[in-house]
Each structure stands twice: as C-alpha cells, then as structure tokens.
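Okay, structure first, notes after.
Each reported figure results from applying straightforward, stated rules to the coordinates on display, with no laboratory input. Predicted, not measured: the structure shown is a model, and the values here were computed from it. Backbone-built Cβ (ideal geometry, glycine too); neighbour counts: all protein chains shown.
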DNA sequence: TCTAAATTTGACCAGCTAGTCAAGAATTTT
DNA sequence: AAAATTCTTGACTAGCTGGTCAAATTTAGA
C-alpha cells in the first residue's frame with residue numbers, strides 16, 4: 001500500500017524516482033527484448049539497472065507492470081511517425097520520410113523494436129486489443145489516403161495494406177535481425193555511414209522495384 | 001547413458017520412437033516459438049505433446065537438445081529454396097519463385113519462422129556461427145549471381161545484400177507478425193485465397209516499386 | 001507364449017522465480 | 001538539528017524449473 005501508489009506530492013516524481021525509473025526502463029527494454037516476457041527475470045533486470053531486486057520492486061509493483069510500462073512507451077513512439085504521414089504532402093516524399101524515420105528508429109533503438117516484435121510473436125497478449133482497435137483504425141485511415149494517391153495516379157496501383165506491411169517489415173528487419181545482418185555483412189554494418197546506405201538501398205527497392213528499367 | 005544414445009538396431013527408429021519424436025518436435029516448435037528458449041518449459045512441451053515430462057526426456061536428453069533439434073530442422077528447410085536460386089534462370093522469374101516459396105513457407109509453417117526469428121533476436125547463441133559462416137558464404141554466392149544479372153541489365157541496379165534482406169523481411173513478416181496482420185485485416189486474412197493475394201501484392205511492390213508508371 | 005528390450009511414469013531433488021517483510025540508511029522538510 | 005519521509009536492502013517464502021531414479025507397464029521377437 002505505502003508502495004508507489006501513494007504520492008504525497010501531487011503526482012510529481014522526485015529526482016531519485018525519475019532517475020531510477022529511467023534506469024529500470026532501459027534495463028527492462030534490454031532484458032525483455034532478448035529473453036522475452038516469460039524468459040526475463042526481475043533479478044536480471046535489477047542487476048542490469050544496477051540496483052537490488054527489492055528496490056526495483058519498490059518502483060514497479062510487479063514484473064508484469066514493468067513489462068506493460070516498457071511496451072506502452074514503445075508503442076507510443078511507434079505511432080507518431082506513422083500518424084505524421086500527411087495526406088496533403090507528396091506521396092513519394094511522405095513515404096520516403098516515413099521509411100527513413102523508421103529505419104532511424106531501428107538503428108537507434110533496436111531493443112524497442114525487438115520488444116514489440118516479441119510481444120506480437122507471443123500472440124500479443126498485451127497489445128492484442130490495441131492492434132485491432134486503435135492501430136487498425138489508424139491503418140485504415142492511412143490506407144484511405146494511399147488509395148486516394150493511387151486514384152490520382154501519384155502512386156503505383158499497389159495494395160495499400162500490403163504496402164504498409166512491406167514498409168514495416170523491411171524497416172524493422174534491421175533491428176529485429178540485427179545479428180543476422182551483421183553476421184552477413186561483417187564489419188561494414190558497423191561503419192558510420194551504414195544507416196544511410198541501408199536507407200538508400202531500401203528506398204531504391206521499394207520506390208523503383210527491381211525490374212530493369 | 002542407456003538413454004537414447006544406445007541404438008541396438010543400427011540407428012533405425014522404432015515406430016513408437018518415430019511417432020513420439022515427431023510429436024515432440026511439433027510441440028517444441030509451438031512452445032519455443034511463442035515463449036522463446038528461456039521462457040519455454042519442458043513441462044509445457046510435454047503437455048502439448050501429450051506425454052509425461054519424464055517420457056519426453058527419454059527421447060531428448062535435455063531442453064537444450066530439444067531446442068537444438070528444432071532449430072536445425074528449421075534452418076535446413078530455410079536454406080533449400082535459397083540455394084535453389086538458379087544463376088542460369090531468368091532473374092525476375094527466379095526471384096519471383098523464391099519469394100513465392102518463402103511466402104508459402106510462412107503461411108504453412110509460421111511457427112518455424114517465429115522460432116528462427118526468436119533465436120536471432122536473442123542474439124543467435126546457437127546459430128550465430130552458422131550465420132557468419134555457412135549462411136554468409138551462401139549469401140555471398142547469390143549476391144555474385146545478382147550482381148551478374150544487374151551487370152547484364154536484366155535487373156535494376158539495387159544493392160544485392162539489401163535486396164535479399166528485403167525479401168527475407170517481407171516474406172517472414174507474414175509469419176512473425178501474423179497476429180498483427182490478422183488484427184488489421186480482420187477475417188479476410190483467414191480466407192482461402194489470402195496467401196495468393198499476399199504473394200501478388202508483395203511481388204507487385206518488390207518487382208515494380210511504388211513510383212507511378 | 002514367454003522373455004528381453006523398449007517405453008512410460010510417479011516420486012523426488014536442488015536451484016531458481018516472483019514477491020513480501022521488517023528494519024536500516026539517506027534525503028528532504030521543518 | 002530533529003523529525004518525517006523516501007529510499008534501499010538482506011532474509012525469507014511458496015511455487016516452479018530442469019533433470020534423475022527406480023520401478024512398473026507395454027511391445028516385439030523367438
């Protein structure tokens with residue numbers, strides 16, 4: 001009871017609270033994204049966060065709550081750039097920007113990508129409802145935009161749903177299969193300009209296709 | 001010792017052995033692919049396979065051995081169609097066939113795809129070496145083929161490595177993110193002709209791109 | 001059918017798991 | 001500086017985990 005529900009000050013967090021919650025979230029992202037929900041242990045998250053398990057459980061009441069928090073954080077960051085696709089913008093430019101942003105996210109925060117992938121692969125016990133309500137609605141909205149673009153002849157006549165899936169798949173692949181990409185490309189995958197190279201290659205394929213021109 | 005290494009008959013399996021090993025492998029695929037290696041329990045696999053844990057451990061000596069076996073089986077099935085890409089065939093036709101086969105595999109055996117994805121996301125503790133040796137060599141070989149095709153003007157000038165990654169990403173997405181795809185597409189994702197629809201859409205995007213023509 | 005081998009199981013164990021509790025240490029407020 | 005609050009921890013528990021063992025049951029070969 002006197003755990004963390006009690007907020008003597010009006011919901012504001014102390015310096016220590018802010019710091020520790022951030023440490024815990026980063027550790028949780030690391031551990032959950034590699035070991036999955038069932039495979040992760042609170043002990044391991046605490047160790048990674050540099051504090052005792054007891055102390056960690058002072059900030060988050062249970063393993064499930066840590067997980068929920070990490071997932072929610074991830075999902076929100078996901079939605080933003082997708083939502084930002086502008087119906088009034090130039091189709092190719094809008095999609096190019098979206099793909100670029102997603103690739104950047106995969107590059108900078110691959111753990112979040114893997115955490116979400118893991119959740120979905122598990123059958124989405126937590127985000128299942130989110131997927132079929134809020135995300136579906138948002139996707140339907142963007143699909144309508146893409147359809148308009150196609151009708152206006154500003155985009156090739158492709159199935160909008162599968163176009164979105166294809167973009168998601170390719171951009172997240174570089175985070176989710178990071179180890180495989182690195183195993184195949186070797187050290188060049190760690191060089192500075194790599195993410196730009198990826199962006200260029202992916203954009204080239206998705207925008208122009210592979211048929212000779 | 002008198003466990004399963006002993007094969008009084010020259011390595012041949014009895015009817016019961018063949019049956020049970022198959023049951024165990026299917027159960028292992030199901031459980032490992034959803035819960036991951038660490039999250040999966042031998043109890044759960046045994047329950048799914050319809051036998052006692054003790055009996056399961058009579059056929060496979062440890063959890064790790066069950067996992068290894070399931071992974072190896074999966075990896076082999078993976079390699080076949082990739083290896084079958086024919087340097088002497090028509091480039092577009094060869095890639096179309098490869099994409100189609102991979103989509104079919106995702107459709108028919110999504111658990112295997114998720115198992116492999118999970119292994120790689122975990123950092124590929126088991127297949128790491130395989131990735132950087134055998135798979136890398138095979139990929140390098142096919143990259144050379146693609147380069148030749150491009151030089152001959154029979155394929156658009158795209159980065160062969162990223163082309164391969166793009167194909168892997170898109171085709172496996174429909175297995176790994178099955179739940180998400182179904183949440184967004186609703187019941188149409190379960191209709192008979194769905195996998196053909198996916199194949200058509202994905203091929204259209206990858207072959208022709210999304211730029212208006 | 002009889003027997004040897006193969007299969008199956010319940011009871012069991014040591015180590016790990018999520019979470020509790022009460023008490024001590026650090027910090028903030030007065 | 002004292003008091004109140006917040007933060008931190010070691011010791012503990014009940015249940016789960018992978019794996020063992022000896023004994024029972026089933027199957028197949030002569």
* Which value does Rg/Rh take for the protein assembly as shown over its C-alpha atoms, Rh per Kirkwood? -> 0.99
* How big, on average over all directions, is the shadow cast by the Cα convex hull of the range A:10-94, in nm²? -> 8.2 nm²
* Asked: Could you list, bin by bin from short to long, the percent of Cα-Cα pairs of the range A:115-173 in 10 Å steps?
  -> 21, 43, 27, 9, 0
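In the calculated pair distance distribution of the range A:73-125, what percentage of Cα-Cα distances lie above 19 Å? Don't jump to the answer; show the numbers that get you there.
Numbers: 489 of 1378 pairs.
The calculated P(r) of the range A:73-125 puts 35 percent of pairs beyond 19 Å.
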* Structure fact -> Exposure proxy check on B:202, B:101, A:75: fewest-to-most Cβ neighbours within 10 Å is B:101, A:75, B:202
* Relative contact order for the range B:5-88: what is it in percent, counting Cα pairs under 8 Å that are at least 6 residues apart? -> 28 percent
* Structure fact -> Which of A:55, A:109, A:20 fluctuates most in a GNM of chain A (C-alpha springs under 10 Å)? That residue is A:55
* Structure fact -> Going fewest to most other Cβ atoms within 10 Å around each Cβ, A:166, B:133, B:100, B:170 line up as B:133, B:100, A:166, B:170
* State, as an integer percentage, the relative contact order of the range B:15-61 based on alpha-carbon contacts under 8 Å between residues 6 or more apart. => 39 percent
* **For the range B:28-99 and the range A:57-127, distance of Cα centres in Å** => 28 Å
* Structure fact -> Rounded to whole angstroms and listed largest first, the alpha-carbon spread of the range B:112-213 along its three principal axes comes to 45, 42, 20
* Asked: Rule-of-thumb check for the range A:15-61: C-alpha Rg over 2.2 N^0.38 Å?
  -> 1.04
* How big is Rg to Rh over the range B:40-148, alpha-carbon atoms, Rh as the Kirkwood inverse-mean-distance radius? -> 1.08
* Structure fact -> Rounded to the nearest 10, the angle in degrees between the Cα long axis of helix A:91-108 and the longest principal axis of the Cα atoms of chain A comes to 30 degrees
* To do: Between copies, how far apart are the residue B:55 label points? List them in nm, one decimal, shortest first, with each point 7 Å from Cα toward Cβ, please?
  => 5.0
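With an 8 Å Cα cut-off and a minimum separation of 6 or more residues, compute the relative contact order for the range A:105-191 in percent.
Working: 37 pairs, mean separation 34.9, N = 87.
Relative CO of the range A:105-191 lands at 40 percent.
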* Taking chain A as the reference, fit the longest principal axis to its C-alpha atoms, fit the long axis of helix A:136-151 to the helix C-alpha atoms, and give the angle between the two in degrees, 0 to 90, nearest 10. => 20 degrees
* To do: Specify the angular offset, from 0 to 90 degrees and rounded to the nearest 10, of the alpha carbon long axis of helix A:110-121 from the longest principal axis of the alpha carbons in chain A.
  => 90 degrees
* Cα Rg, Dmax, chain A, angstrom units -> 20.1, 69
* **Residues A:63, A:102 arranged by fewest to most Cβ contacts within 10 Å** => A:63, A:102
